[in-house]
1. Would you call Ala213 under 18 Å from Glu277 (Cβ atoms) and at pLDDT below 95?
2. Can you tell me which residue among Ala191, Ala92, Ala110, Ala147 is without any contact (Cβ under 8 Å) to a residue 12 or more places away in the chain and either surrounded by 13 or more Cβ atoms within 10 Å (Cβ to Cβ) or outside the structural domain of Thr214 (by TED's automatic domain parsing) (or both)?
3. Please verify whether the range 180-197 includes one or more residues that are modelled with pLDDT of 95 or more, touching a strand residue (DSSP E or B) at 6+ places or on another chain (Cβ under 7 Å) and either hydrophobic (A, V, I, L, M, F, W, C) or under 25 Å from Ala231 (Cβ atoms) (or both).
4. Could you tell me whether the range 16-34 includes any residue that is modelled with pLDDT of 80 or more and outside any loop (DSSP other than H, G, I, E, B)?
5. Looking for whichever is in a helix (DSSP H, G or I), more than 21 Å from Cys249 (Cα to Cα) and at pLDDT 90 or above here; the options are Asp175, Asp101, Asp168. Which one fits?
6. Could you tell me which numbered condition Lys276 fails, if it satisfies all but one of (1) at pLDDT below 90; (2) of a type outside the set (Ser, Thr, Tyr); (3) assigned by TED's automatic domain parsing to the domain that holds Tyr150?
Amino acid sequence: MPVARHREHSDQAPVLLNGSVRHSGDNYEPWHSPATMSYTLFHADSSGSVVALIMLRQLNVAHEVITLEYDDVTARKDSPDLRRLLKANPLAQFPTLITPDGTVLTEMSAILLYLVHRHGNGTSWDLGKLTPGQLATFYRVMVIVPAVVYPTITYIEFPERFIEVPSDKVEAFKDVQEWMKAGGEKKREEAYKLVEGILREFSEQVHGGDSSATKFALGTPTPTVLDVMLAVVVHYAPHPRPTWLEEHCPGLFLLAKGTINFPGIVEIFRESKYIKEFIAA
């Protein structure tokens, strides 16, 4: 299995790409060259792309990381790397992953499932080790998070994307935004509690509700990619976090802490400038 090739660049640091050195800011446009034989991850420190970075390292696959500032991308602040991201994914989403054969992968769940199916066999991440019940719950929650949880976060942060105000009602725009944010906040709480309930029900079936039996979502001795996804998702829970999560979703709170502080994973959270709230002292 190839050794991971991790690269995060700044304006000053030269980087190795396809056997040549370039600086961030050089006029480099193509999103991918098959000659690299590695993955390319477009990553923002404050975004869900952390999950892809964790799995690329955990599975020890060769990869290049192109780090952009989330706010700069949202504002479409021009740069060579933003143009490269837009060429690969016009929505400029994080994470966006380019496979060694040049295929573009987006959506957190899709990327995690692809990586674990492609590289997880025979490792601790192998989904073949799960029981039918574990696997059913795994897929259920892996779909619920992007389908139910993440949309509420988008409504809260970007309500203007979902509003088309008639020209004679422009003065109502801010009011409508605030109403959408309030509705999003309520639905976000419901979404996190839904995930908590599903995991609690599964734990009761397997362990009789004994929370000390396991610190991971499916009762496994080590984390699964579901745990990794949830470990990032908790950072977008309602405020005040992590207090709200510990009070209203104690199971989710505990499994997230267990995963975040797991050897080999905690180091990536420590590298982050933003997502540190659940790291053990």
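1. no
2. Of Ala191, Ala92, Ala110, Ala147, the one residue that is without any contact (Cβ under 8 Å) to a residue 12 or more places away in the chain and either surrounded by 13 or more Cβ atoms within 10 Å (Cβ to Cβ) or outside the structural domain of Thr214 (by TED's automatic domain parsing) (or both) is Ala110.
3. Checked the range 180-197: no residue is modelled with pLDDT of 95 or more, touching a strand residue (DSSP E or B) at 6+ places or on another chain (Cβ under 7 Å) and either hydrophobic (A, V, I, L, M, F, W, C) or under 25 Å from Ala231 (Cβ atoms) (or both).
4. So far as the range 16-34 goes, no, none of its residues is modelled with pLDDT of 80 or more and outside any loop (DSSP other than H, G, I, E, B).
5. Testing whether each residue is in a helix (DSSP H, G or I), more than 21 Å from Cys249 (Cα to Cα) and at pLDDT 90 or above leaves just Asp175.
6. Among (1) at pLDDT below 90; (2) of a type outside the set (Ser, Thr, Tyr); (3) assigned by TED's automatic domain parsing to the domain that holds Tyr150, the lone unmet condition for Lys276 is (3).
The values are calculated or read from the model by the stated rules, or taken from the named source; none is laboratory data. Keep in mind it's a predicted model, so treat the numbers as computed, not measured. Because the Cβ atoms are built from the backbone with ideal geometry, glycine has one as well, and the counts that use them run over all protein chains shown.
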